[in-house]
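The values are calculated or read from the model by the stated rules, or taken from the named source; none is laboratory data. Quantities reported herein were computed from a predicted structural model and do not represent experimental measurements. Here the Cβ positions follow ideal geometry from the backbone for every residue, glycine too, while neighbour counts run over all protein chains shown.
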Amino acid sequence: MKKIGIFGGTFNPIHLGHARLAYNVYSNFKLDELVFIPTKLPPHKSEPNASAKDRYNMAIITAQALSQSGICNFTVSDFEIKSAGVSYTYLTLLEWRRRYPSDALYFITGSDIFITIESWQNFMELFELTNFIVANREVSFEKVLSTIPKELLGRVTNFRAYISASSKELMSGSIILYEMDPVKISSTVVRGQLANLIGINGIKASFTEGLLENVYKYILEKNLYEGGAMEGLKLLCRLIDDKLGEDIVSFNLRGISSITDYLVIATGKADTHVKAISEHLLTEMRNNGIPPLAYEGLTEGVWVCIDFGDIIVHIMREVEREYYNLEGIWGGAPKAE
């Protein structure tokens, strides 16, 4: 039985934090292959984003650099970039399970992302398709365990326990908490630094911190990352207000989180109201040239999460908002102006 690692993300841009996590997981879990899968990203006209092609190319540069020793087997897939419609983790994992019906799959993610697992499409079915390796990020493992659905707690183990029971390794179903030394770098930090350096002669050529040298050269050659997400944020908040969304709060996570630049939270009075707000957002943001990267929870309308790349929005009923307390997690971040 082969062991395949799956590392998805916008990789906007891919940096040494991604590379370090990939290498450590590959080595410590003794994987046979690890594939980077860049996700789609909305083509914001003024956003500091790279195109899907550029992000894919930067991932290839990184995978090749990591594989040069001959010890590691890193690849890159354009499966999600080329897929029609919205990218769902569920659909990607269905495809990888089809490709590897008898092998063990390991989906690599961060604690800050896994904490929202209940809002993912068909989230319980994901554990029939893959194991999850959850690396420590801004959100503690204690917070993860107190937030994820109780029915998942029996699947949780840590790296040492999982490895010591290697004879019981499964094709899917485990949640493995994987602790690493903190990686003090994120794509948002790198983008902010690059945006400040682009066009400043004599300075930008000296910036390589956090990036593989060839990735940095690619960014300079393509003149990537100029602009900001503020206009999209203002539009999004106005659209929520149009549908009478309540208690709209937005946080500026630039330089703080590796997930996104801005986080927006709003409340709907009932599941029908949550759906109405979310559908309005999806339609009007698309009409303004900002289609979603992904969204989850629209069918139920209890908690809808929409990922617009540099902006992530959570529309929730009041009871879910109070229970999950996302403001408590990000309350130390400055409010977006």
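Here is a yes/no grid of residues against (1) free of Cβ contacts under 8 Å to residues at least 24 places away in the same chain; (2) under 21 Å from residue 32 (Cβ atoms):
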position	(1), (2)
52	no, no
60	yes, yes
63	no, yes
76	no, yes
85	yes, no
93	no, yes
98	yes, yes
101	yes, yes
106	no, yes
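Considering only residues of segment 307-319 that are part of a strand (DSSP E or B) and over 12 Å from the mean Cα position of the chain (by Cα), which is surrounded by the fewest Cβ atoms within 10 Å (Cβ to Cβ)?
Among residues in segment 307-319 that are part of a strand (DSSP E or B) and over 12 Å from the mean Cα position of the chain (by Cα), the one surrounded by the fewest Cβ atoms within 10 Å (Cβ to Cβ) is 317.
Which residues, counting only those in segment 243-260, are part of a loop (DSSP other than H, G, I, E, B) and either touching a Leu at 6+ places or on another chain (Cβ under 6 Å) or β-branched (Val, Ile, Thr) (or both)?
253, 256, 259, 260, listed by residue number.
Looking only at segment 276-300, which residues are in a loop (DSSP other than H, G, I, E, B), in contact with a Leu (Cβ under 9 Å, 6 or more places away or on another chain) and in contact (Cβ under 8 Å) with a residue 40 or more places away in the chain?
Correct list: 288, 290, 291, 292, 293.
Among 226, 322, 327, 231, which is the only one that is outside any loop (DSSP other than H, G, I, E, B), surrounded by fewer than 21 Cβ atoms within 10 Å (Cβ to Cβ) and modelled with pLDDT under 85?
None of the others qualify; the one that does is 231.
Pairs please, first residue from segment 209-220 and within 15 Å of residue 59 (Cβ to Cβ), second anywhere and in a loop (DSSP other than H, G, I, E, B) and among the hydroxyl-bearing types (Ser, Thr, Tyr), Cβ atoms under 6 Å, 6+ apart in sequence or on different chains.
216/208
Can you tell me which condition residue 274 does not meet? The list is (1) surrounded by 18 or more Cβ atoms within 10 Å (Cβ to Cβ); (2) under 28 Å from residue 191 (Cα atoms), and all the others hold.
For residue 274, the failing item is (2).
Does residue 217 meet the test of being at pLDDT 70 or above, in the same structural domain as residue 283 (by TED's automatic domain parsing) and not in a loop (DSSP other than H, G, I, E, B)?
For residue 217, the condition - at pLDDT 70 or above, in the same structural domain as residue 283 (by TED's automatic domain parsing) and not in a loop (DSSP other than H, G, I, E, B) - is not met.
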